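Report on the following structure.
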Amino acid sequence: IQAFPWEISAAEVAAFQAGLFPNPELEVEVENIAGSGPYRGISGLETTVSLFQTIPLGGKLSKARRALLQNKKVLQWELEIKKQEIISEVFTTFMHLLAAQEKVRLLESMKEVAHQVLKDVARRVSAGKVPVVEEIRASNSLSQVSIQLNIAREKLRAVRKHLSFLLGYSEPFFKRVKGNLEQIRSMPPITCLKEHLSESPAMIKVREQVKLAEKVIELEEARKIPDLNIGGGYRWINETGDGAAVVTLSIDIPSFDRNQWARKSAYYKLRSAREHQRSVYLALYSALVSAYTSASSALKEINALKKDILPRAKEIFEEIRKGYTSGRFTYLDVLDAQRTLMEAHLIYMEVLSTYHEAHADLEKIFGKEIEVLCNKDSHSQEGGKK
């Protein structure tokens, strides 16, 4: 991304360069020198000093400058798109890191619970209340949670390293990040977002590309007009000691090269730019619908897990765990309740990550917070009513 400002500056100075007149040409011509007969020596010498200037016609210079300045606008929006992509990736990775931290914390907690259950089972085995096989099952359950915890820690290290790379560091310079993974932002209606799709940086960029293609056509049309070459000077005749002014005027005859193929190519590129504009709109529309659907589905799952499934799974696990010590439940019941609770928590973390990733994809499309778009519309409507 650091290279783009230099590209933009290069486009700007190239536009200034394109607007400059061609340099004049100085010519010194010496005739009738070192010949024979009357032209022997320098007695018949004729010296002409001339200055020539090419004058571009058809507005070539101004049109070339406008085309290159338009290219600068395209590069500026391309830079904006790259910025949004990086911001989105950093935010998504940050949220994945929060989820990975929470998953490690959850598995550490589940490992403590599994260890406590193993101790309870061991006591009941020692008391002869349950067979030894239940202690083996409890030990296996603890081992499984330990394996999952090690895998989660490896993933945490990988995500932490990736975030460090995105921030420009070869190695992580932090151990933990702080944030609220459960902070959920409101989702504006998809109809509102569809109305603002034309304001996305990608759509603005392709519109600027269409304008660039149009300005290139203007330039190529101007280039079919031949330039005017004018010159003037002074001729000195050595033999008579007289002098006279010299004036030249020339222009190319466009009999073969009328810039016709370059003009045709420019028109083809304009059609290509317009088709690309339509394809970009369809791609953005598809991405918008996909991300919005994913975020909405995740939001429903989050609400269901947070308000119903997680509290009930935790309540059932605590009840069965207490009942197991009094002999009301078997260890299989404890194991099943523990697995259900752990899976519910892990699913909750995954769904939260999915929501934040989809929300970030929506904001990457528009290059700003999506809530701002629709809030701006509602404020405008309220102002109109007032």
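The values are calculated or read from the model by the stated rules, or taken from the named source; none is laboratory data. The shown structure was predicted, so the numbers you read here are calculated from the model rather than taken from an experiment. Cβ: placed from backbone, ideal geometry, glycine included. Neighbour counts: every protein chain shown. Side chains are part of the model used for accessible areas, which takes the heavy atoms of the whole protein and leaves out ligands, DNA and RNA. Shrake-Rupley method; radii C 1.70, N 1.55, O 1.52, S 1.80 Å.
Suppose we keep only residues that are open to solvent by 20 Å² or more (accessible area, probe 1.4 Å), touching a residue at least 60 places away in the same chain (Cβ under 8 Å) and not small (Gly, Ala, Ser) within the stretch 197-214. Which one would you say is nearest to Phe366 (Cα to Cα)? Per the criteria, the residue is Glu199.
Out of the residues in the stretch 2-25 meeting the condition of being of a type in the set (A, V, I, L, M, F, W, C) and not in a helix (DSSP H, G or I), tell me which one is nearest to Glu78 (Cα to Cα). Filtering first and then ranking leaves Ala3. Between Leu310, Leu282, Leu288, the distinction of being in a helix (DSSP H, G or I), in contact with a Phe, Trp or Tyr (Cβ under 7 Å, 6 or more places away or on another chain) and not acidic (Asp, Glu) belongs to Leu310 only. Note on the stretch 342-353: residues that are touching a residue at least 60 places away in the same chain (Cβ under 8 Å) and either more than 30 Å from Cys192 (Cβ to Cβ) or open to solvent by less than 50 Å² (accessible area, probe 1.4 Å) (or both) amount to 6. In the stretch 354-373, how many residues are in contact with a Ser or Thr (Cβ under 9 Å, 6 or more places away or on another chain) and open to solvent by 10 Å² or more (accessible area, probe 1.4 Å)? The total comes to 8. Here are Ile151, Ile147: which of them is at pLDDT 90 or above, farther than 24 Å from Ile320 by Cβ and in a helix (DSSP H, G or I)? Within the list Ile151, Ile147, the selection yields Ile151. The residues of the stretch 313-332 that are open to solvent by 40 Å² or more (accessible area, probe 1.4 Å) and part of a helix (DSSP H, G or I), listed by number, are Lys314, Glu315, Ile316, Glu318, Glu319, Arg321, Lys322, Thr325, Leu332.
Among all residues of the stretch 34-56, there is at least one that is open to solvent by less than 60 Å² (accessible area, probe 1.4 Å), assigned to a loop (DSSP other than H, G, I, E, B), under 22 Å from Arg223 (Cα atoms) and touching an Asp or Glu at 6+ places or on another chain (Cβ under 6 Å). Among residues of the stretch 226-249 that are more than 10 Å from Thr48 (Cβ to Cβ) and touching a residue at least 40 places away in the same chain (Cβ under 8 Å), those with a beta-carbon under 7 Å from a residue that is among the charged types (D, E, K, R) and surrounded by fewer than 14 Cβ atoms within 10 Å (Cβ to Cβ) at least six positions away or on a different chain give the pairs Pro226/Asp252. Of the residues screened, Gln277 is not one that is modelled with pLDDT under 85 and either of a type outside the set (Lys, Arg) or in a helix (DSSP H, G or I) (or both). Charged (D, E, K, R) and under 22 Å from Glu89 (Cβ atoms): is that true of Lys224 in this structure? So Lys224 fails the test.
Residue pairs whose Cβ atoms lie under 6 Å apart, separated by 6 or more positions or on different chains, with the first residue in the stretch 167-179 and closer than 21 Å to Arg105 by Cα and in contact (Cβ under 8 Å) with a residue 12 or more places away in the chain and the second open to solvent by less than 80 Å² (accessible area, probe 1.4 Å) and polar (S, T, N, Q), are Pro172/Ser164. Looking only at residues of the stretch 289-312 that are hydrophobic (A, V, I, L, M, F, W, C) and touching a residue at least 40 places away in the same chain (Cβ under 8 Å), we find that the one that is surrounded by the fewest Cβ atoms within 10 Å (Cβ to Cβ) is Val289. Of all the residues that make up the stretch 275-284, how many are over 18 Å from Ala360 (Cβ atoms) and open to solvent by 50 Å² or more (accessible area, probe 1.4 Å)? Going through the stretch 275-284 one residue at a time, the tally reaches 6.
All of (1) of a type outside the set (Phe, Trp, Tyr); (2) closer than 25 Å to Glu89 by Cα; (3) open to solvent by 30 Å² or more (accessible area, probe 1.4 Å) hold for Pro131 with one exception: (2).
Residue by residue, here is whether (1) charged (D, E, K, R); (2) modelled with pLDDT of 90 or more; (3) open to solvent by 50 Å² or more (accessible area, probe 1.4 Å) holds:
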residue: Ala138; (1), (2), (3): no, no, no
residue: Gly168; (1), (2), (3): no, no, yes
residue: Glu195; (1), (2), (3): yes, yes, yes
residue: Val216; (1), (2), (3): no, yes, no
